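The values are calculated or read from the model by the stated rules, or taken from the named source; none is laboratory data. What you are looking at is a predicted structure, and each value in this text was computed from that prediction instead of being measured. Ideal geometry is used to build each Cβ from the backbone, glycine not excepted, and the neighbour counts take in all protein chains shown. To get the accessible areas, we keep the full protein, side chains included, count just its heavy atoms, and leave off ligands, DNA and RNA. Shrake-Rupley method; radii C 1.70, N 1.55, O 1.52, S 1.80 Å.
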Amino acid sequence: VMPELDAVTTATPPGDTLQRIRFTVPEDWPNGNYYVYLEINVEGDYSPQWGPAQYPTPRSQGNAIEEQWDYWAMTYGYPYRGQPSIVFRTPIKIGQTEVVEVREAYGRGSLEGRGPEGGRIFPIDSTIANDPQGAPGSGVDRLRIAPGGYRLRVRTQAAEVCQGNRPPSAILGLEVRQYHERRDAHRYAHLRFIAPEDDQGVVAYEVRVSEQAIVDEPSFLAGRPANAASLDNVALVVPTDVPPGQVVEVDFGGLSYERRYWIGVRALDACNASSPIAVAEYVTPPVQFTTVSPCFIATAAYGTPLAKEIDVLRRFRDRYLITNPLGAHFVDWYYNEFGPPMAFWVSLSELRRELVRNLITPIVRVLEWMGI
C-alpha cells in the first residue's frame, strides 16, 4: 500500500550507522491500528544450512541465451543464495505520538520469493543465525542492536505536533567538485553546501543523482539515492550536526566516467517537511589508468597475480582494510616496507612458496565463505 517505492533499493548504511527512513502518512489514511514491516536481505549470508553447497550458482537448461548466462554465472558469478530475507514487524497507531522498539525478528521470507513459498513469512528457527558476537551482521543481526537495545525503532507523530511547522530554508552554495584522489575522480565526487536554517532542526539530507535534468520534485525522485564514496554499495550519510550557515562537506560515489550528472539536495526536518531542492551539474573526468598494487607475497606464492585467491585478498583489502585508518596504515606498511622483501625471499624457494600457499589458502577459504 506504499504510495511510492520504499527503501528496497537503498544501499547498506556504513558500519553501525543508524539508518532513518521517514514516511509521511497520506491524509486519506484513517487513524487507527497498523503494522510496520521491514524486510532485509543480504547476498551470500551463509550458514551451515544455507550455503554454497546447498544452493550453488543457479543453472538453467534451454536456449543459447540461457547457456550464455550459465557460462557467465559459472565463470564470474558466485553462489549468492545464503540465508533468506529476515522480516521484522511491529504494531503502530496512526493518529497519536508514540515510540515502539523491536529486538527480535518476526520471521523469514522464502529463499527466492517465488513458487509455493513465495510471499509467505515463516517462523525463525535454529537454521537462521542470531548471534551478534559470533556471527555479527548475519541472519537476524543484519539489523544490528542499537545502544538502546533495539534493532528497529518506529516513532509515530500525531498531525497536530507539526501544525505551524516551517520547512527548512533553501540550501545555498551547492557545489560539486572533483574528488581529491585523481585515480578515483571518475567514480567519486565532493559535495559541499551551506547548512540551512529550521525551527526544529534539520534531521536528514536527501541527495539524489540523475543523468536527466532535475527541475522539480518528480524528476528529483526519479534520480537514485546517492552512495558513499566506496567500492561497495554503501548509502551516503550526510552529517546533520553542522550549524546553520556553516559548510557541509561529504564525498559521494556511484558515478561513471565522462558523464554529465545532476545532483539534487534537500533538507528534511522532524515533521518530514522539506526545503526547496538545490541542484548542481557535474561532469566526471576520464579514467586515469594506474597499475593495480599487487599482493606481493601471495603473488610470489602462487606464481601469478591472476590467481583467484589473490582476487579474494584484493577484495578484502579494498572493502575492509583501506576503508579505515588502522587498515590503511597496515596496507601502507605492507606495500612499502614488509611486502616486497618478503615476497622476494618467498620466491627463491619452491618449499617456501608451498608453505605460504598452505598458510594463505585456509584464510582465503574463510573469506570466500564470508562472501568476500
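Listed values, structure above:
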item	result
All positions within region 149-177 that are open to solvent by 60 Å² or more (accessible area, probe 1.4 Å) and touching a strand residue (DSSP E or B) at 6+ places or on another chain (Cβ under 7 Å)	153, 155, 167, 172, 175, 177
Enumeration of residues in region 342-372 that are out of contact with any Phe, Trp or Tyr (no Cβ under 9 Å at 6 or more places or on another chain), surrounded by fewer than 16 Cβ atoms within 10 Å (Cβ to Cβ), over 30 Å from residue 142 (Cβ atoms) and not aliphatic (A, V, I, L, M)	345, 349, 350, 354, 358
Residue pairs meeting the criteria (Cβ under 8 Å; at least 6 apart or on separate chains; first free of Cβ contacts under 8 Å to residues at least 24 places away in the same chain, in region 325-341; second open to solvent by 100 Å² or more (accessible area, probe 1.4 Å))	327/320
Residue selected from region 108-126 under the condition more than 18 Å from residue 371 (Cα to Cα) and of a type in the set (A, V, I, L, M, F, W, C), by the criterion least open to solvent (accessible area, probe 1.4 Å)	122
Spans of strands (runs of 3 or more DSSP E) in region 189-293 with at least 1 residues of a type in the set (Phe, Trp, Tyr) and open to solvent by 40 Å² or more (accessible area, probe 1.4 Å)	260-269
Subset of region 198-210 that is among the small types (Gly, Ala, Ser) and within 23 Å of residue 271 (Cα to Cα) - its residue that is modelled with the lowest pLDDT	201
Boolean, residue 311 is part of a helix (DSSP H, G or I), at pLDDT below 75 and surrounded by fewer than 19 Cβ atoms within 10 Å (Cβ to Cβ)	no
Residue identified as of a type outside the set (S, T, N, Q), within 24 Å of the chain's Cα centre (by Cα), surrounded by fewer than 17 Cβ atoms within 10 Å (Cβ to Cβ) and closer than 15 Å to residue 40 by Cβ among 129, 146	146
Pair list, Cβ under 9 Å, 6 or more apart: region 7-27 residue among the acidic types (Asp, Glu) and surrounded by fewer than 13 Cβ atoms within 10 Å (Cβ to Cβ), other residue in a loop (DSSP other than H, G, I, E, B) and at pLDDT 75 or above	16/144; 16/146
Pairs with Cβ under 6 Å, 6+ apart, first in region 135-159 and over 15 Å from residue 105 (Cβ atoms), second among the polar types (S, T, N, Q) and part of a loop (DSSP other than H, G, I, E, B)	157/97; 158/96; 158/97
Cβ-Cβ under 6 Å pairs, at least 6 apart or on other chains, region 81-96 side among the charged types (D, E, K, R), far side assigned to a loop (DSSP other than H, G, I, E, B) and modelled with pLDDT of 95 or more	89/106
Pairs where the first residue, in region 44-64, is at positive phi and the second is at pLDDT 90 or above and surrounded by fewer than 17 Cβ atoms within 10 Å (Cβ to Cβ), C-beta under 6 Å, 6+ apart	none
The listed residue being at pLDDT below 95, hydrophobic (A, V, I, L, M, F, W, C) and either within 19 Å of residue 19 (Cβ to Cβ) or in contact with a strand residue (DSSP E or B) (Cβ under 6 Å, 6 or more places away or on another chain) (or both), out of 228, 213, 195	228
